[in-house]
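Working notes, beginning with the structure itself.
The values are calculated or read from the model by the stated rules, or taken from the named source; none is laboratory data. Predicted model only: the values in this text are computed from it and were never measured. No Cβ is skipped: glycine too gets one built from the backbone with ideal geometry, and neighbour counts run over all protein chains shown. Surface accessibility is based on the protein's heavy atoms, side chains included, excluding ligands, DNA and RNA. Shrake-Rupley method; radii C 1.70, N 1.55, O 1.52, S 1.80 Å.
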Amino acid sequence: MNALRSAGVNRDNIVVMSDEPFEEYSFGHAEPSVAMPWLAVLGGLVGGTGGFLLARLTQVAYPIVTGGMPIVAPFPTAIVTYELTMLGAVLTTIVTLLITAKIPKWKQELYDPEVTRGKILIAVIDPADDARADLEDRLRNAGADEIKSTGRFSAI
Amino acid sequence: MAHQWGMVIDLDRCTGCAACVVACHAENNISTVGEDQAARGRAKHWIRVERYYEGEFPDVRVKFMPVLCQQCDAAPCEPVCPTFASYHTIEGLNGQVYNRCIGTRYCANACPYNVRFFNFYNPEWDKPLNLQLNPDVSVRSVGIMEKCTFCVQRIKASEIQAEAEKRAVKDGEIQPACVQSCSPHAMVFGDLSDPQSEVSRLARSSRGTKLLGELGTQPKVTYLQRESWHGAENA
Amino acid sequence: MSRSNLGLKRCLRVTVFLGMIILVLSLLDRTSPAQDTAPPPQTMTQSSPIFTPAHRTVMDAVREFFGSRQKPVQPIAYTHKVHLANGMQCTDCHVGVDRGPDARIPSVNFCMTCHQVIATDKPEIKKLAAYRARGEDIPWQRVYGFLPSAHVKFNHAPHIRAGVDCAQCHGDMTKQTVAVRMVDHTMGFCVQCHREKNVSVDCVACHY
Amino acid sequence: MAQKTPEQINEDLLRPLSGTSGRYLIVLAFLAGIVIAALCSFFWQVYAGLGVSGLRSPVFWGFYITNFVFWIGLSHAGTLISAILRLANATWRRPVTRCAEVITVFALSIGATFPVIHLGRPWLAFWLFPYPSERGIWPNIRSPLLWDFFAINTYLISSVTFLLLPMLPDLALVRDRAAGWKKKVYSVLALGWTGTPKQWNRLERAMHIMAIAVIPVAVSVHSIVSWDFAMAPVPMWHSTIFAPYFVAGAIFSGIAALILAMACLRKFLHLEEYLLPIHFENLGKLLLVMSLLWFYFVFAERLTAWYGNDPSEMTVFWVTQTGSFSPLFWLMVLCNFVIPFPLLAIKKTRTILGTSIASVTVVIGMWLERYLIIVPSLSHKYLPYSWGTYRPTWVELTITAGTFAAMVMLYMIFSKLVPIISIWELKVGLREEAHPAPALAPSHTQPNEVGAD
């Protein structure tokens, strides 16, 4: 990885895949973080508002004769609002995860089942032809087990 | 102001004859479930005469207390119903909308008086008994709750009649089946929102108590009795 | 109420309960009337409950659940169109409509007061006369009417007094021969009109 | 565990997926038979009416609602415990989380069916759902059953995703080893997981947020279930202590269920090297705490009732303490406290066997607790004239047995389809053990970050 970087390959063109998270290494942190907690809070707020409206406005929109008894009451409104707040937060988290992690994506252009056998896949997308040999060398020196070339480089 | 139907039951007059029970069954198409099912607790009586005994044999006094839906103003059965099948009508009744009932039986659990009844089986009348059914009252099918309605069909009929004649409903014009059949005249029915009605006057009586009134259900049935009666309060 | 709403309602019902219904059908619908189904064996319960299900067959229950009703087939092809075109009023035959809950269908005798002499050669009138001759009543089939499970206590009289036109609920009868169900008497239909006319929409106004 | 290489982990944990034994199929068929019997009982009940059950006036809720509360309580095994352990970053949690979360999903699904099973007209259950209908009626949000509807659905959705998200990498693992139609199925299930740092990063953050969100949801769910009872003016139900009492009981039974599930997995899937005595000991300690807490709640509830001396409450009090329900009551105390307490308190008996025995008694005891909350109160409401009793019939017994069978069956099927222990989390744990974390957690500026742009 570092070898590739020192060869001047653009960070965006390096693909890494592994079967466990490697937070300790630089590529584990290479991703720009998304304000996921804030999105969750936002989703919660949306959910909560929806819940509040559901518990309050829709009840009023369906005027049921209750002989003077309340149709909406504060405690139930709070409960429904609360539950839908949490639901909103959870769903937003999931949606954020799916979108930012680019899943579901069933068509894989670049993947190797070896990844789930414990190996780490490091690929360079569309390297310049003249740089190929150099990159391969560098990867080998960095301890790569196997190098495949599929119009791209991958070191495992 | 809409009517607020209420009832007064004078326990000092009640003889425990159970004519009200029979009349109610006949009027409201309440099915009998048979000996066997009754023994298993599936009997339905929208009004029942509770008997309590005081003292030791041979010095025993028996107390009769007809218990029907108290048509509470703050009814525990109403808010718990998820579908508004049990709800408060404009005229202050605890309405039971049979077609909306999905049979959670939550209302029956919440009711402190145990005056809500569930159709465990589809009711059945052997021919020709089916011909005795009152056409003004629904026949409740399996899986739904039913309860005393203060004979809402009679109330509605009187109201429609009064409206056709362009007059107000008169006091005493409406009599639920139980009131009508009560020979000692222990039961009185009428409009509590009219302070001049007989039921209002009796409900203000110093002999009046509410059954389980301490629960805050605000029943619209007032029981009259001469002396304080522990059976009603401490049961 | 709108068609689309009804469609939505049915869609929901279908999706939620189709699976369950299929299972029920496969288990129970052997087209036998429900009364034939044996109660559970004596050994299994302390007693054998005696009951009749709310519907004669499981298919009946399913049909009712989805709100589908069969078209009535009338014994005589009575034509509303002709009678109304001849200057008759609804209330001439449906005499009870402004006084009581039911609109009433006249008896065969009532029909024969006119049809003694009018159009006696028509085949349908001959059928009518035959009923009279046998002393039978005509087995008219119900066109409208609420299902027992709707628990609706409808009363015609207050509606007539309030000036509701017959056509509003029954369609334009001057165009119909044998009465067909022109208007779906759903709860939405009733409630909408009650709201417009500012009359009670208390549940217990109709359901008791 | 430390000696295991990642390949061994893969192999060991994927082994259950590779084939089924005859014994497995026989057990599965047996359980399926019970479930089918329960389904038939349910349809018979729908067809004939609730009269075929033992319910009667005034005990309108019996086995079904007992089962409902019991299963919802049991569902607190997974998501809640797993979320707490995740947040506390307890490293021993790694082999435990997934088998716990699976309990939640299945127990919750089973529990959520009971409100429908117990309905008089179950085909109309969709009326609880707030949808625009031409009737112009909306469900009654004041009803605790509606709160249940919202809470359980929120909890179910959260739990299912809480289970599924960290399963993606393992599903990808299975996908890469499967062939034929299985490969296709797992490919779809794995959502195209490849394991890029981006995906790992997002997954871990999402799990963190989910863990935070799911704890209050779980607490609220059982609080709301308790409010189904506490809202009604029924003697001994109408109590402010019910919500925490129920939540504590739920966690109590949940941990017991988790220990049982782990013991079974360990034995039948031969995971002796993954589910270690330390896990049982740690969970045993938790169970011990909950047992004490449960005892405290029961004591507090009974004490206030006794001191209050309200006649209607005292009726229910004595009928459970010394009356007709007393055998069940004391059996419950035996199962929930007397047996598990010494077993779990003494270090020598806090073994796998010891905690498993304690768990069995706790599961039984907690079922009894739910029963004893519901039935004695309902059968002894205010007016003595209308007192009643309750005895279940074969319909309720079959359906109850069916749900237990369904739980075991679903669990068995699940453990054959998905690695029941999270493989990737184990590997992370392995690596962390090999290289203690602080040394290998360089920040962005540490040496690894050579090629600064």
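Test of understanding: extend the Cα→C-beta vector of B:S183 to 7 Å, then name every residue of the range B:9-33 with backbone N under 16 Å from that spot.
Counting backbone N atoms under 16 Å from the label point, the list is B:13-24.
Mind listing the phi-derived Karplus ³J(HN,Hα) values for the range B:213-226, rounded to whole Hz, using 6.51, -1.76 and 1.60 with θ = phi - 60°, and x for any glycine or proline?
x, 5, 7, x, 7, 6, x, 9, 10, 10, 9, 9, 7, 6
Under the rule that an exposed site lies in a DSSP loop and has at most 15 other Cβ atoms within 10 Å, name the longest stretch of chain D with no GluC sites (Glu not before Pro) of that kind, not counting the sites themselves.
D:1-271
PRE reach from D:K347 (point 7 Å along Cα→Cβ): which of the range D:241-282 fall under 15 Å by backbone N?
D:278, D:281-282
How high is the relative contact order of chain D, in percent, counting Cα pairs under 8 Å that sit 6 or more residues apart?
30
With labels modelled as points extended 7 Å from the Cα through the Cβ direction, what inter-label distance (nm, one decimal) is found for C:D92 paired with C:T79?
Those two pseudo-labels are separated by 1.5 nm.
If you take the accessible area of B alone, add that of C alone, and subtract the area of the pair, what total do you get in Å², probe 1.4 Å, to the nearest 100?
Heavy-atom accessible area buried at this interface is about 2100 Å².
With the other protein chains left in place, how much accessible area per residue, in square angstrom, belongs to the range A:36-100 at a 1.4 angstrom probe?
Value for the range A:36-100: 45 Å² per residue.
With only Lys, Arg, Asp and Glu charged, each at its Cβ (+1 for the first two, -1 for the last two), find how big the charge dipole of chain B is about the Cα centre; round to the nearest 20 debye.
280
Using amide H atoms built in the peptide plane, which far-off residues or other-chain residues are under 5 Å from B:K63 H to H?
B:Y52, B:Y53, B:E54
Please compute the modelled spin-label separation between A:A35 and B:T32, points set 7 Å along Cα→Cβ, answer in nm with one decimal.
Using points 7 Å along Cα→Cβ, the separation is 7.5 nm.
Counting only helical runs of four or more DSSP H residues, what would the 222 nm mean residue ellipticity of chain D come to if each run contributes -39,500 (n - 2.57) and the total is spread over all its residues?
My calculation for chain D gives -23000 deg cm²/dmol from helical runs alone.
When all protein chains stay in place, what accessible area (Å², nearest 10, 1.4 Å probe) is found for A:T85?
The accessible area comes out at roughly 40 Å².
How well do other chains shield peptide D:228-235, expressed as the mean number of their Cβ atoms within 10 Å of each residue Cβ?
The shielding value for this peptide is 5.
What is the helix-to-structure angle for D:22-48, meaning the angle in degrees between its Cα long axis and the longest Cα principal axis of chain D, kept from 0 to 90 and rounded to the nearest 10?
So the helix axis and the longest Cα principal axis differ by about 40 degrees.
Taking only Cα atoms, what is the 0 to 90° angle, nearest 10, from helix D:277-308's long axis to the longest principal axis of chain D?
Helix D:277-308 and the main axis of chain D meet at about 20 degrees.
How crowded by other chains is B:162-172, given as the mean number of beta carbons from other chains within 10 Å of each beta carbon?
Taking the mean over all residues of the peptide, I get 1.
Which whole-number percent is the relative contact order of the range B:5-224 (Cα, under 8 Å, 6+ apart)?
Relative contact order of the range B:5-224: 29 percent.
Using only Cα atoms, find the angle between the long axis of helix D:144-164 and the longest principal axis of chain D, and express it within 0 to 90 degrees, rounded to the nearest 10.
Computed tilt is about 20 degrees.
Give me, ordered by chain and number, the residues 5 or more places off B:M187 or on other chains with an amide H under 5 Å from its own placed amide H.
Long-range HN contacts for B:M187: B:D10.
Can you work out ³J(HN,Hα) from phi for every residue in the range C:145-154, in order, using Karplus 6.51 cos²θ - 1.76 cosθ + 1.60 and θ = phi - 60°, giving whole Hz and x for Gly and Pro?
Once rounded to whole Hz, the list reads x, 8, 5, x, 6, 7, 6, 9, 10, 8.
Go through D:W387, D:F337, D:L258 and say which Cα lies farthest out towards the positive end of the charge dipole of chain D; charges sit on Cβ, +1 for Lys and Arg, -1 for Asp and Glu.
Of D:W387, D:F337, D:L258, it is D:L258.
Give me a comma-separated list of calculated 3J(HN,Hα) values for the range D:81-91, in order, Karplus coefficients 6.51, -1.76, 1.60 applied at θ = phi - 60°, integers in Hz, x for any Gly or Pro.
Karplus-based 3J(HN,Hα) across the range D:81-91 equals 4, 4, 5, 4, 5, 4, 5, 6, 6, 6, 5 Hz.
List every residue whose amide H lies under 5 Å from the amide H of D:T393, counting only residues 5 or more places away in sequence or on a different chain, with H placed 1.01 Å from N in the peptide plane.
For D:T393, the qualifying residues are D:G54.
If D:W44, D:W318 are ordered by their accessible area, calculated over protein heavy atoms with a 1.4 Å probe, which sequence runs from highest to lowest?
D:W318, D:W44
Using only protein heavy atoms and a 1.4 angstrom probe, determine the accessible area buried between D and A, summed over both sides, in Å² to the nearest 100.
5800
Counting only protein heavy atoms and using a 1.4 Å probe, what share of the accessible area of the range D:116-215 belongs to carbon plus sulfur, as a whole percent?
Carbon with sulfur: 74 percent of the solvent-accessible area.
Over the range B:11-55, what is the mean sequence separation of C-alpha contacts under 8 Å (at least six apart), divided by residue count, expressed as relative contact order in percent?
Across the range B:11-55, relative contact order equals 41 percent.
Which value at 222 nm does chain B reach when only helices count, each DSSP H run of 4 or more adding -39,500 (n - 2.57), with the total divided by all residues and rounded to the nearest 500 deg cm²/dmol?
Calculated from helices alone, the mean residue ellipticity at 222 nm is -5500 deg cm²/dmol.
In peptide A:76-89, how many Cβ atoms from other protein chains are near each Cβ within 10 Å, on average?
Shielding by partners across A:76-89 averages 6.
What accessible surface, in Å², does a 1.4 Å probe find on C:R69, ignoring ligands, DNA and RNA and rounding to the nearest 10?
Rounded to the nearest 10, the figure is 100 Å².
To the nearest 0.05, what FRET efficiency results for C:K197 and B:E56 with a Förster distance of 41 Å applied to their C-beta separation?
Step by step, r from the Cβ atoms, then E = 0.05.
Rounded to the nearest 100 Å², what is the sum over both chains of accessible area buried where D meets C, with a probe of 1.4 Å?
Summing both chains' loss of accessible area gives about 2200 Å².
So what is log10(I(q)/I(0)) for the range A:36-100 at q = 0.16, 0.24, 0.26 1/Å, when the Debye sum runs over its Cα atoms only?
After summing over all Cα pairs, the log10 values are -0.56, -0.88, -0.96.
Quick one: accessible area per residue over the range B:162-217, 1.4 Å probe, rounded to a whole number of Å²?
Heavy-atom accessible area per residue stands at 52 Å².
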